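> Quick one: the structure is below, questions incoming.
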Amino acid sequence: MSSITGFSGSLLVTRHGEVVLCASAREADVSAGTSCSADTRFQIASVSKQFTAAAVMLLVDDGVIELHDDIGRWLPGCAAHWRELTLHQLLSHTSGLEHWTGLPGFDVTRPGGPDDFLERFAEVPLRAKPGRTWHYSSPGYLLAARVVEAVSGAAYADLVTARIIRPLGMTATVVGRTPPDAVAWGYRDGQRVDVAQYAMIPGTGDVWSTVDDLARYTEAFETGELLSSAARQAMVGRHAEIETPADPNDPVTAHAYGYGSFLGMVCGRHARFHPGDNPGYQSFLGYLSDIQATVAILCNNEETDLDDLLRKLAPSLDGSGPDPNET
C-alpha cells in the first residue's frame, strides 16, 4: 500500500465474513519506531457516531426512551433553544445545530472539555428550524450522548462498553480514554498532532479501535446480534436527504443520512458508511450490502488521500486487487 498517497495505518476488506485484504503501512509511533499492524488502535473519529446511535437504539429497545422525545425532558438544564430538539433530529443531523466550527473562536487543537464546550455552544443560535434541513453537527451527537447518560444513569463510555464493546468481544476497543498500549499516534506533515481531548468528547469521536474490531461490529449489526430488527431498520432508514453533486470519479457519494451512517454509494455499490477525521487521523467504515462486504480503514496520517485509497481497493471488492502482503 506504499503507492497510495500518504497512507499510514491499517485496512481490512471482508466479503461474506471472510478476509480478502488486510494491510498495514508505516509507523504507529515514529519516536518509538513501532509499525502499524492489524492490532494497532487508532482514533476512529466520527465513525464513533455509529456507536452513539446504537447506544440510543439499545435504550429504545429497552423501552425507556422514545426517538421523538424532546431532549429537555432528560436535560432540563440545557439551553432553552435546545429543549424541544429530539433524539431523531440529533441522530439524523436535522436539529439545526451548527458543527464545531460554528462556535466563534473554536480552536481545533484545543476543543475543551465537553461541559465547557456545551456551555459555550449554548450561546450559538440554531442555523435552521429543527427538522427542516440536513446539516452535519457533531455537537448534536454530544447532546445525544448526554441524553444516554441521563436516561441510563451511567457514564456514556461505561454504557457503550457494557452494552456493545464487551458483548461483541471487541477486546481491543476503548471508549473515552487513550488505550495503554498498541496505539497509533496521529501525524500531519510528519509531526505528531493528535489531540487527546477529541477522543474524550462523548458520542462524537471518542472511540479507539482496530480494523478487526470494526469488522466485528459491522457483522454483529448486520446479523441482528446487537439490536432488534426494528432498531436496526431505524438506523439505516433514509431520515434526511443529502444533495451531493454527481461525479462519476468520486468513489464515495452520500445520498442520505440514517442514524450514525451515510447512505449512498461506495465504489459503485449501494452502501452505508461513515468517514471520520480527528487531528492526526482519518477513518472510514463502510458496508456494501449487495456483496456483503466491509471496508475498514484507519489512518494516523491526516493527509491520507482516502479517495485514492478507496479507488485502489475497489478491485478487491470483486475478488481481485492489491497483494495483501504489499506494504
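The values are calculated or read from the model by the stated rules, or taken from the named source; none is laboratory data. Predicted, not measured: the structure shown is a model, and the values here were computed from it. All Cβ positions, glycine included, derive from the backbone under ideal geometry; neighbour counts span all protein chains shown.
> Working only within region 60-97, note down all residues that are among the basic types (Lys, Arg) and either over 21 Å from Ser138 (Cβ atoms) or part of a helix (DSSP H, G or I) (or both).
Matches in region 60-97: Arg73 only.
> May I ask you to list the residues in region 138-160 that are out of contact with any helix residue (DSSP H, G or I) (no Cβ under 8 Å at 6 or more places or on another chain) and either of a type in the set (Gly, Ala, Ser) or surrounded by 20 or more Cβ atoms within 10 Å (Cβ to Cβ) (or both)?
Within region 138-160, Ala150, Gly153, Ala157 meet the criteria.
> When the residues of region 98-120 are filtered to those that are part of a helix (DSSP H, G or I) and of a type outside the set (Asp, Glu), which remaining residue is farthest from Pro76 (Cα to Cα)?
Among them, the one singled out is Thr101.
> Looking only at region 142-194, count every residue that is touching a residue at least 60 places away in the same chain (Cβ under 8 Å), among the aliphatic types (A, V, I, L, M), under 30 Å from Leu85 (Cα atoms) and touching a Gly at 6+ places or on another chain (Cβ under 7 Å) and tell me the total.
Of the residues in region 142-194, 3 are touching a residue at least 60 places away in the same chain (Cβ under 8 Å), among the aliphatic types (A, V, I, L, M), under 30 Å from Leu85 (Cα atoms) and touching a Gly at 6+ places or on another chain (Cβ under 7 Å).
> Now for a separate question. Report, by residue number, each residue of region 83-123 that is surrounded by fewer than 15 Cβ atoms within 10 Å (Cβ to Cβ) and closer than 27 Å to Asp194 by Cβ.
Thr101, Pro104, Gly105, Asp107, Val108, Thr109, Arg110, Gly113, Asp115, Asp116, Glu119, Arg120
> Same structure, new question: Do we find that Gly286 is closer than 30 Å to Thr109 by Cβ and modelled with pLDDT of 95 or more in this structure?
Yes: the conditions hold for Gly286.
> Among the residues of region 224-233, is there at least one that is surrounded by 15 or more Cβ atoms within 10 Å (Cβ to Cβ) and in a strand (DSSP E or B)?
The answer is no; no qualifying residue exists.
> For region 289-302, what are the residues that are among the hydrophobic types (A, V, I, L, M, F, W, C) and either modelled with pLDDT under 95 or over 13 Å from the mean Cα position of the chain (by Cα) (or both)?
Ile291, Ala293, Val295, Cys299
> I've got another one for you. I need the full set of residues from region 33-78 which are in contact with a strand residue (DSSP E or B) (Cβ under 8 Å, 6 or more places away or on another chain) and of a type in the set (Lys, Arg), in order please.
Arg41, Lys49
> I would also like to ask the following. Out of Tyr198, Tyr259, which single residue is in contact with a strand residue (DSSP E or B) (Cβ under 7 Å, 6 or more places away or on another chain) and crowded, with 21+ Cβ neighbours inside 10 Å? Even if it seems obvious, please write down each step before you answer.
Working: Tyr259 fails: in contact with a strand residue (DSSP E or B) (Cβ under 7 Å, 6 or more places away or on another chain).
Answer to the selection: Tyr198.
> Is it fair to say Thr253 is under 30 Å from Asp29 (Cβ atoms), more than 15 Å from the chain's Cα centre (by Cα) and buried (at least 17 other Cβ atoms within 10 Å of the Cβ)?
no
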